[in-house]
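The values are calculated or read from the model by the stated rules, or taken from the named source; none is laboratory data. Please read these numbers as outputs of a predicted model, since none were measured by experiment. Note: ideal-geometry Cβ built from the backbone for every residue, glycine included; neighbour counts use all protein chains shown. Heads up: the accessible areas ignore ligands, DNA and RNA and are worked out on the full protein's heavy atoms, side chains in. Shrake-Rupley method; radii C 1.70, N 1.55, O 1.52, S 1.80 Å.
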Amino acid sequence: MAHIQLQEDLPGIVGLLTFSPDTAQPLLQLAEVLLRGPNTLTSAEREMIAAYVSYQNDCDFCQLSHSAAAIAHLGGNQLLVDRVKANPETAEVTDKLKALLNIAGQVQKGGKNVSAEAIDRARRQGATDKEIHDTVLIAAAFCMYNRYVDGLETWQPLETEAYREMGERMAHEGYGRSARQASREVA
């Protein structure tokens with residue numbers, strides 16, 4: 001049971017967005033820009049960064065929903081997303097994405113854990129300053145989203161299937177919906 005009174009049938013951040021529409025809009029806009037806005041990193045890559053950080057933070061709702069969005073972008077390749085979360089270094093992704101996921105993992109542990117060596121590695125693999133910046137910001141933002149969802153002990157389904165439709169919507173329609181629209185879609 002959540003620490004505050006939330007609509008019972010709305011999982012994770014969806015219930016929180018409905019509870020506080022004033023904070024919902026900027027949170028949704030940030031997710032839209034970070035995960036779907038114009039970028040040299042694909043939306044699938046950015047969703048995998050979000051899913052990886054959320055997995056490391058043990059936030060079921062965020063890691064499962066953003067895994068589902070990445071899977072939707074990747075045409076159903078759940079195995080790749082699962083491998084990225086389990087061990088990015090052995091996953092079948094580019095060396096650049098491996099280096100960026102390493103940076104994201106360092107951010108997840110704490111901002112001051114990001115090493116010059118990790119940044120140099122990403123640059124050697126072709127990452128631009130903007131891609132490094134966005135990776136750090138995605139990782140930092142998802143630490144905040146994860147703590148928001150878990151800190152208020154929201155209801156979070158644990159079945160992967162429960163997130164498939166949500167992931168499709170996130171991938172193809174985005175995050176710019178109002179909290180009211182999001183609550184209607186989940187209900």
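Provide the gained length on full extension for the span Thr23 to Arg83, in nm with one decimal, where the gain is 0.36 nm per separating residue minus the Cα-Cα distance. Walk me through the intermediate numbers first.
On the way: separation 60, 0.36 × 60 = 21.60 nm, distance 3.34 nm.
Length gained between Thr23 and Arg83: 18.3 nm.
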Quick test of your reading: applying the under-4.7 Å Cβ rule, which cysteines of the chain are isolated?
Cys143
When only Cα pairs under 8 Å and 6 or more residues apart are kept, what is the percent relative contact order across the chain?
38
Highest-MSF residue in the chain out of Leu158, Leu16, Leu41 [GNM, Cα springs under 10 Å]
Leu158
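Within 9 Å, Cβ to Cβ, of Ser67, how many net charges do the neighbouring residues add up to if Lys/Arg are +1 and Asp/Glu are -1? Kindly include the intermediate steps, with their values, before the conclusion.
Numbers: positive: Lys85; negative: Glu47, Asp82.
Its environment carries a net charge of -1.
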Say the dipole of the chain comes from +1 at the beta carbon of Lys and Arg and -1 at that of Asp and Glu; which of Gln5, Tyr55, Met166 then lies farthest toward its positive end?
Tyr55
Calculated from DSSP H runs of 4 or more alone, at -39500 (n - 2.57) each and per residue, what is the 222 nm mean residue ellipticity of the chain, nearest 500?
-21000 deg cm²/dmol
Within region 38-187, what whole-number % of the accessible surface is contributed by carbon and sulfur, with the 1.4 Å probe and all protein chains included in the calculation?
50
Counting Lys and Arg as +1 and Asp and Glu as -1 over every other residue whose Cβ sits under 12 Å from the Cβ of Asp150, the net charge comes to -2
Region 113-167: GluC sites (Glu not before Pro) falling in loop per DSSP and having at most 15 other Cβ within 10 Å:
Glu153, Glu159
Multiply the residue gap between Asp95 and Arg123 by 0.36 nm, knock off their C-alpha separation, and tell me the result in nm, one decimal place.
9.0 nm
